[in-house]
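Chemist: One structure follows; several queries about it will come next.
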Amino acid sequence: MFLDTFVLLAADAADPGFLASLNDRLNLGDIIVTLSFFTILMLLLKKFAWGPLMGIMDQRAELIANEIESAEKSRAESQQILEEQRNLLNEARNNAQAIVENARKQGEAQRGEIITAARSEVGRMKEEATLEIASEKDKAVAAVREEFVSLSILAASKVLGKEISEEDNRALIEETIEKAGEGR
Amino acid sequence: MNHENPTVEWLGLTFNLSNVLMLFITCLVVFLIAFVSTRRMQLKPTGMQNFMEWIMDFVKGIIKNNMDWKTGGRFHVLGITLLMFVFVANVLGLPFAITWDHKLWWKSPTADPTITLTLAAMVVILTHYYGIKLLGLKEYGSGYLKPMPFLFPLKIIEEFANTLTLGLRLYGNIYAGEVLIGLIASLGAGSIFGFAGALVPALAWQGFSLFIGAIQAFIFVMLSMVYMAHKVNTDH
């Protein structure tokens, strides 16, 4: 049907009633209707379906790109934070070790100091004690000597039978005792 | 199958009212599908929106196979419209054919060569238009002398051959499908045995026609984009 038209179309090309004869065999109206309907449909689709859908697809693409970017960023950030934390942990560990070391050293030093102090204190106390003992001894010797002088005088006065003045002879007696002490 | 067409003359032009009706219904169906599926759109697509986005991506894939998206993006709407239009037109004639007063009213609009050739001619003319628009007249003209100048006559014939094959392939497939469905249907309508015998072939053929309708729509869009790529790509 159509091919007939096509052949005839070539034959009748010069005919003045070409369009009319073409129209007899070919539905020119259908062609126009097809074209116009198709064009209208295309415009409507573009306005009501393609445009909005393209918009939302672009929006989605943008969203996904953003999400990927932010994920990348947060990954890098967490990596950095992890690195920082690791460094901090190392530092803290080193610090702790240093503190313990210090404490041990300090403790040792303190122990030495305390021992030295205690030793010197003991030495000092011993010396003091020795001195005290010596002075006590001297005091005791002096007291004994005094007592001895008094007793000697008392004995001498009893022997002599008379009162001799203590004041007069004291010097003499003390000298005697001194000598006696030396002789002992 | 020898039905008459309900033609009228108006303003000196012949209109096949059946074609006008079916074209209108096709456009209506396509528009409703597209319109309904793009309401309440969400970033996370559901249901019909998924379907529509699949169609868009499908056509995008066809175009990207043939040219880069920078030049091909402008044909996206054309491709989507062609695909949906041709597919819907192909399957409209499947469920039934309505004749009224010995005139065939309900059929696939693509079972009419006038319509398929109009679409084919439209596509080919558009390829020429965009070839001139995007490459310039000189580049467009030199395309006819490639790869060898003496092939120029063949190149001219090729343009017409493209138009004819593009249109007639679609018409032939759909028209043949309708004829066979008509035959099976008339067999089924003949007697109770005929109905029993026709049931399985009718179902099989309708399923196959649905498949053919989809394939032909795909081929039509694919070839349109191939022809378009031939005209707008410099490196072909």
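Chemist: Which of the residues spanning region B:100-139 are touching a Pro at 6+ places or on another chain (Cβ under 9 Å) and over 18 Å from B:Glu178 (Cα atoms)?
Modeler: The one that is touching a Pro at 6+ places or on another chain (Cβ under 9 Å) and over 18 Å from B:Glu178 (Cα atoms): B:Asp101.
Chemist: Turning to a different aspect of this structure: Just the residues that are within 15 Å of the chain's Cα centre (by Cα) and of a type in the set (Gly, Ala, Ser), please, taken from region B:194-236.
Modeler: The answer is B:Ser209, B:Gly213, B:Ala214, B:Ala217, B:Ser224.
Chemist: Give region B:79-94 a look and list any residue that's small (Gly, Ala, Ser) and assigned to a helix (DSSP H, G or I), or say none.
Modeler: Within region B:79-94, B:Gly79, B:Ala89 qualify.
Chemist: In a helix (DSSP H, G or I), within 30 Å of A:Leu53 (Cα to Cα) and more than 14 Å from chain A (Cβ to nearest Cβ): does that describe B:His76?
Modeler: no
Chemist: Go through A:Glu163, A:Glu67 for me and flag whichever is at pLDDT below 95 and within 30 Å of B:Leu43 (Cα to Cα).
Modeler: Matching residue, one of A:Glu163, A:Glu67: A:Glu67.
Chemist: If you scan region B:29-70, which residues turn out to be outside any helix (DSSP H, G or I) and touching a Pro at 6+ places or on another chain (Cβ under 8 Å)?
Modeler: B:Thr38, B:Met41
Chemist: Let me ask something additional. Taking the stated definitions as given, is B:Trp54 hydrophobic (A, V, I, L, M, F, W, C) and either within 11 Å of chain A (Cβ to nearest Cβ) or within 22 Å of the chain's Cα centre (by Cα) (or both)?
Modeler: Yes: the conditions hold for B:Trp54.
Chemist: Right, another one. Can you work out which of the residues in region B:18-31 that are more than 7 Å from every other protein chain (Cβ to nearest Cβ) and either surrounded by fewer than 20 Cβ atoms within 10 Å (Cβ to Cβ) or among the aliphatic types (A, V, I, L, M) (or both) is farthest from B:Leu78 (Cα to Cα)?
Modeler: If we take residues in region B:18-31 being more than 7 Å from every other protein chain (Cβ to nearest Cβ) and either surrounded by fewer than 20 Cβ atoms within 10 Å (Cβ to Cβ) or among the aliphatic types (A, V, I, L, M) (or both), then B:Leu21 is farthest from B:Leu78 (Cα to Cα).
Chemist: Turning to a different aspect of this structure: Quick check on B:Leu83: is it facing chain A (nearest Cβ under 10 Å) and either in contact with a Phe, Trp or Tyr (Cβ under 6 Å, 6 or more places away or on another chain) or not polar (S, T, N, Q) (or both)?
Modeler: The answer is no for B:Leu83.
Chemist: Got at least one residue in region A:76-83 being charged (D, E, K, R), within 14 Å of another protein chain (Cβ to nearest Cβ) and surrounded by 10 or more Cβ atoms within 10 Å (Cβ to Cβ)?
Modeler: no
Chemist: Given the conditions (1) surrounded by 19 or more Cβ atoms within 10 Å (Cβ to Cβ); (2) in contact with a Leu (Cβ under 9 Å, 6 or more places away or on another chain); (3) at pLDDT below 80, report the number of the one that B:Leu43 does not fulfil.
Modeler: Every condition holds for B:Leu43 apart from (1).
Chemist: What is the residue count in region B:108-150 for residues that are of a type outside the set (Ser, Thr, Tyr), farther than 21 Å from B:Lys70 by Cβ and either more than 13 Å from chain A (Cβ to nearest Cβ) or assigned to a helix (DSSP H, G or I) (or both)?
Modeler: Qualifying residue count for the region: 20.
Chemist: If you don't mind, there's one more thing I want to ask. Could we say that B:Ile184 is in contact (Cβ under 8 Å) with a residue 60 or more places away in the chain and surrounded by 17 or more Cβ atoms within 10 Å (Cβ to Cβ) here?
Modeler: Spelling it out, it is not the case that B:Ile184 is in contact (Cβ under 8 Å) with a residue 60 or more places away in the chain and surrounded by 17 or more Cβ atoms within 10 Å (Cβ to Cβ).
Chemist: Further question on the same structure: Among the listed residues B:Lys60, B:Lys44, B:Lys64, which satisfies the condition of being within 11 Å of chain A (Cβ to nearest Cβ), over 19 Å from the mean Cα position of the chain (by Cα), more than 30 Å from B:Asn5 (Cβ to Cβ) and not hydrophobic (A, V, I, L, M, F, W, C)?
Modeler: On inspection, the qualifying residue turns out to be B:Lys44.
Chemist: A follow-up question, please. Considering (1) more than 9 Å from every other protein chain (Cβ to nearest Cβ); (2) in contact (Cβ under 8 Å) with a residue 40 or more places away in the chain; (3) over 21 Å from B:Ile98 (Cβ atoms), say which one B:Ala34 fails and leave the rest.
Modeler: Failed condition: (1).
Chemist: Acidic (Asp, Glu) and farther than 27 Å from B:Val86 by Cβ: does that describe B:Glu158?
Modeler: Judged against the criteria, B:Glu158 is not a match.
Chemist: Does B:Phe15 satisfy being at the interface with chain A (Cβ under 9 Å from one of its Cβ atoms), closer than 19 Å to A:Phe37 by Cα and touching a strand residue (DSSP E or B) at 6+ places or on another chain (Cβ under 7 Å)?
Modeler: For B:Phe15, the condition - at the interface with chain A (Cβ under 9 Å from one of its Cβ atoms), closer than 19 Å to A:Phe37 by Cα and touching a strand residue (DSSP E or B) at 6+ places or on another chain (Cβ under 7 Å) - is met.
The values are calculated or read from the model by the stated rules, or taken from the named source; none is laboratory data. Keep in mind that this is a model prediction, so the values were computed, not measured. Cβ atoms come from the backbone with ideal geometry, glycine included; neighbour counts cover every protein chain shown.
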